[in-house]
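Student: Before we start, here is the structure in question, set down as structure tokens.
The values are calculated or read from the model by the stated rules, or taken from the named source; none is laboratory data. Not measured: the values here are computed from a predicted model. Cβ coordinates were reconstructed from backbone atoms using ideal geometry, including for glycine residues, and neighbour counts include every protein chain displayed. For accessibility, only protein heavy atoms count, side chains too; no ligands or nucleic acids. Shrake-Rupley method; radii C 1.70, N 1.55, O 1.52, S 1.80 Å.
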Amino acid sequence: MTVVLLLAGLSDITGASRAQSGEVGCTPAQKLAGLCPTVNANIRDGEAVLDGSANTAGSSGAGRGGPARPGAVCRRAAGCAGAPAPVPPPLRDGYTVTAPVTLRDLVGFRPASGIDYMQPNGWMVVGLDTNFYAVAGVQEQRGLLLAQEASVRFTAIRYHWSYGDGATRSTTTGGSPWAAQGAGEFDATLTSHIYRSPGTYSIDLTIEFSAEYRYAGGDWTAIAGSIPVQANRLVATAGEAQTVLVGSDCAANPSGPGC
């Protein structure tokens, strides 16, 4: 008597793995046989982690030296109500059985860090607004899970600035340049900050991303939680400016009175 347990390749579940939690591209027969993959998603260690599992179908031989045949699966459209459960034939010499095997796969996705900008670039005027803004956007990343395409979409949802002088601010917007807002230089914005003392300051920004996933062309599904990602650090110097009366536009007439 020979019993052989074979680990089927990923190609064995190609049809079944088109499902997302048994809902997309999964036939009634695959559901009945327990072959629809299950995908769970969570946020762990700064990543969106997709954990998938799927069962392969078993098979049994037709007798001594006979070829293997697929395991019995009820194919009645009515959902096999009243159908007798398949009974495997008795084992005997030369009879080969391939047992169902659970395949597991894991894939992780991490959002790229955003970029922090400031206006003016690299310096501030004490008592006037400095405009900070970030570029993060929506990021979509793709990979393979159980031999099918899995995608994760990251969206920046909150921005946490630490301005280096003890002040902080959290916003749901990343801001934008003055010109994009129709604002003038040193105008206040939702993300601007006023420094009250001269000095050199380090400005840090942390961006929180939400995450969604989809598997094998299914619908987007939200993943609970968020992922904080540190952006680049800005180092800038704040100085004082003096206001003087001039006789004309110094840019047009640099030698004019007061220029």
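Student: Restricting to segment 145-178, name every residue that is among the hydroxyl-bearing types (Ser, Thr, Tyr) and open to solvent by 70 Å² or more (accessible area, probe 1.4 Å). Explain how you work it out, then say what you get.
Tutor: So the first thing to find is which residues in segment 145-178 are among the hydroxyl-bearing types (Ser, Thr, Tyr), and the list is 151, 155, 159, 162-163, 168, 170-173, 176.
Correct list: THR168, THR172.
Student: A further question follows. Can you pull out every residue in segment 205-222 that is of a type in the set (A, V, I, L, M, F, W, C) and open to solvent by 10 Å² or more (accessible area, probe 1.4 Å)?
Tutor: If we filter segment 205-222 for residues that are of a type in the set (A, V, I, L, M, F, W, C), which is where we start, we get 205, 207, 209, 211, 216, 220, 222.
Answer for segment 205-222, where residues must be of a type in the set (A, V, I, L, M, F, W, C) and open to solvent by 10 Å² or more (accessible area, probe 1.4 Å): ALA216, TRP220, ALA222.
Student: Buried (at least 16 other Cβ atoms within 10 Å of the Cβ), at pLDDT 95 or above and in a strand (DSSP E or B), is that true of SER202?
Tutor: Numbers: buried (at least 16 other Cβ atoms within 10 Å of the Cβ): no; at pLDDT 95 or above: yes; in a strand (DSSP E or B): yes.
The answer is no for SER202.
Student: Go through segment 179-199 and report how many residues are open to solvent by 60 Å² or more (accessible area, probe 1.4 Å) and part of a strand (DSSP E or B).
Tutor: Residues in segment 179-199 being open to solvent by 60 Å² or more (accessible area, probe 1.4 Å) and part of a strand (DSSP E or B): 0 in total.
Student: Follow-up. Here are some residues: ARG142, ARG104. Which one is among the charged types (D, E, K, R) and either surrounded by 14 or more Cβ atoms within 10 Å (Cβ to Cβ) or at pLDDT 95 or above (or both)? Show your work before the answer.
Tutor: Details: ARG104 fails: either surrounded by 14 or more Cβ atoms within 10 Å (Cβ to Cβ) or at pLDDT 95 or above (or both).
None of the others qualify; the one that does is ARG142.
Student: Could you look through segment 27-48, keep only residues that are at pLDDT 80 or above, open to solvent by less than 30 Å² (accessible area, probe 1.4 Å) and in contact with a Lys or Arg (Cβ under 8 Å, 6 or more places away or on another chain), and pick out the one that is nearest to VAL229 (Cα to Cα)? Let's see the steps before the verdict.
Tutor: As a first pass, look at segment 27-48 and keep what is at pLDDT 80 or above: 37-48.
This time we only want the ones that are open to solvent by less than 30 Å² (accessible area, probe 1.4 Å), so: 37, 39, 46, 48.
Checking which are in contact with a Lys or Arg (Cβ under 8 Å, 6 or more places away or on another chain) leaves us with 46, 48.
Working: GLY46: 8, ALA48: 13 Å.
Looking at the filtered set, the residue picked out is GLY46.
Student: Still on this structure, please answer the following. Out of the residues in segment 150-166 that are part of a loop (DSSP other than H, G, I, E, B) and more than 15 Å from ASN131 (Cβ to Cβ), state the one that is nearest to the chain's Cα centre (by Cα).
Tutor: Taking segment 150-166 and keeping what is part of a loop (DSSP other than H, G, I, E, B), we get 163-166.
Within this subset, residues satisfying the condition of being more than 15 Å from ASN131 (Cβ to Cβ) are 164-166.
Details: GLY164: 30, ASP165: 33, GLY166: 32 Å.
This residue is GLY164.
Student: Follow-up. I need the full set of residues from segment 100-127 which are under 24 Å from the mean Cα position of the chain (by Cα) and closer than 30 Å to THR38 by Cα, in order please. Steps first, answer last, please.
Tutor: At the first step, the residues of segment 100-127 found to be under 24 Å from the mean Cα position of the chain (by Cα) are 103-117.
Selection gives LEU103, ARG104, ASP105, LEU106, VAL107, GLY108, PHE109, ARG110, PRO111, ALA112.
Student: Could you tell me whether ALA167 is out of contact with any Phe, Trp or Tyr (no Cβ under 9 Å at 6 or more places or on another chain) and either free of Cβ contacts under 8 Å to residues at least 60 places away in the same chain or farther than 25 Å from ASP45 by Cβ (or both)? Even if it seems obvious, please write down each step before you answer.
Tutor: Working: out of contact with any Phe, Trp or Tyr (no Cβ under 9 Å at 6 or more places or on another chain): no; either free of Cβ contacts under 8 Å to residues at least 60 places away in the same chain or farther than 25 Å from ASP45 by Cβ (or both): yes.
In short, no.
Student: Could you tell me whether ILE203 is touching a residue at least 12 places away in the same chain (Cβ under 8 Å) and over 13 Å from the mean Cα position of the chain (by Cα)? Before the answer, list the steps.
Tutor: Details: touching a residue at least 12 places away in the same chain (Cβ under 8 Å): yes; over 13 Å from the mean Cα position of the chain (by Cα): yes.
Judged against the criteria, ILE203 is a match.
Student: May I ask you to say which residue of ALA156, ALA183 is among the hydrophobic types (A, V, I, L, M, F, W, C) and within 30 Å of VAL49 (Cα to Cα)? Outline the logic, then answer.
Tutor: On the way: ALA183 fails: within 30 Å of VAL49 (Cα to Cα).
Among ALA156, ALA183, only ALA156 is among the hydrophobic types (A, V, I, L, M, F, W, C) and within 30 Å of VAL49 (Cα to Cα).
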